[in-house]
1. How about the stretch 183-228: which of its residues are modelled with pLDDT under 90, among the β-branched types (Val, Ile, Thr) and open to solvent by 80 Å² or more (accessible area, probe 1.4 Å)?
2. Answer yes or no as to whether Lys132 is open to solvent by 30 Å² or more (accessible area, probe 1.4 Å), modelled with pLDDT under 90 and among the basic types (Lys, Arg).
3. Could you check Thr231 against (1) at pLDDT below 95; (2) assigned to a strand (DSSP E or B) and say which number it fails?
4. Are any residues in the stretch 36-72 open to solvent by less than 30 Å² (accessible area, probe 1.4 Å), over 21 Å from Ala148 (Cα atoms) and not acidic (Asp, Glu), and if so, which ones?
5. Quick one: which of Thr110, Thr161 is farther than 20 Å from Thr32 by Cα, in contact with an Asp or Glu (Cβ under 7 Å, 6 or more places away or on another chain) and without any contact (Cβ under 8 Å) to a residue 60 or more places away in the chain?
6. Within the set of pairs 6 or more residues apart or between chains, which connect a residue that is closer than 13 Å to Gly126 by Cα and of a type in the set (A, V, I, L, M) inside the stretch 62-78 to a residue that is at pLDDT below 95 and open to solvent by less than 20 Å² (accessible area, probe 1.4 Å) with Cβ atoms less than 8 Å apart?
7. Residues being farther than 15 Å from Gly220 by Cβ and open to solvent by less than 30 Å² (accessible area, probe 1.4 Å): count how many of those fall in the stretch 74-88.
Amino acid sequence: MIKHRHSAIRRIAATLFAALLCVCTFGAKGQTAPYKFDAGASLGMSGYIGDANGSNPFKHPGFDGELSFRYLPDVRWAVRGLLSGMSLSGNTEGMANVLPDAAVYSFKSTVYELSVRGEFNFFAYGIGETYKRLRRWSPYLTVGVGLAMSSSGGNTSVAPTIPMGLGVKYKIKPRLNLALEFTMTKAFSDHFDGADLADLNQIKTAFYKSTDWYSRLTVGISYEFGERCETCHYVD
């Protein structure tokens, strides 16, 4: 069961990475975005996949809140900094993988993550300026690196992370954006659930197989600012 779960997660991650590599083949710089920056906030649901939950990432849903800041070099690409706070929980009750002596383990943890991500819009994202063939909405891919800290039952764990996800954004007004995003994050730690359950199982697995994952489904709103001057007026 655990082997199948990790294989499925790795396939999802590989698919996202492959998709991002494919879109990178469109490497030519697109049209300049009318604004340089974007700041926003998101709220949603968080979930956990690990030793205390082997399949559905939202079986024990938690709360997720995020603050973001983007640099917008053009209408296709963005560089995004993100500060996230979320709650995670899990329970081994009812799992096919039973702990010794039929023991049941449950946990609740709080996770804070700081990450930097790249974003690629499938369409030239914008409003107005129809000659640029801008679209008011666009699906997008995102991937990056981060650092997260988890606190559970008096235990604290800090680990690097790799967030990866997809979403769709819609421009309400020229500066105002609405986005729906799903993200899966690999944490290079097996202690985000408060304990190393491999020890409880008395089964040792490879490091890359025993790490925890968490997911987020969020709705966010953002505002663009820092207008660019596309026309330079020369004064003699």
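1. Listed by number, the list holds a single entry, Ile203.
2. So Lys132 does not fit the description; no.
3. (2)
4. Those that are open to solvent by less than 30 Å² (accessible area, probe 1.4 Å), over 21 Å from Ala148 (Cα atoms) and not acidic (Asp, Glu): Gly54, Leu72.
5. So the residue among Thr110, Thr161 that is farther than 20 Å from Thr32 by Cα, in contact with an Asp or Glu (Cβ under 7 Å, 6 or more places away or on another chain) and without any contact (Cβ under 8 Å) to a residue 60 or more places away in the chain is Thr161.
6. Leu72/Ala33; Val75/Ala33; Val75/Ala124; Val75/Gly126
7. Matching residues across the stretch 74-88 total 3.
The values are calculated or read from the model by the stated rules, or taken from the named source; none is laboratory data. The shown structure was predicted, so the numbers you read here are calculated from the model rather than taken from an experiment. All Cβ positions, even for glycine, are placed from backbone atoms using ideal geometry, and neighbour counts span all protein chains on display. Ligands, DNA and RNA are excluded from the accessible area calculation, which covers all protein heavy atoms including side chains. Shrake-Rupley method; radii C 1.70, N 1.55, O 1.52, S 1.80 Å.
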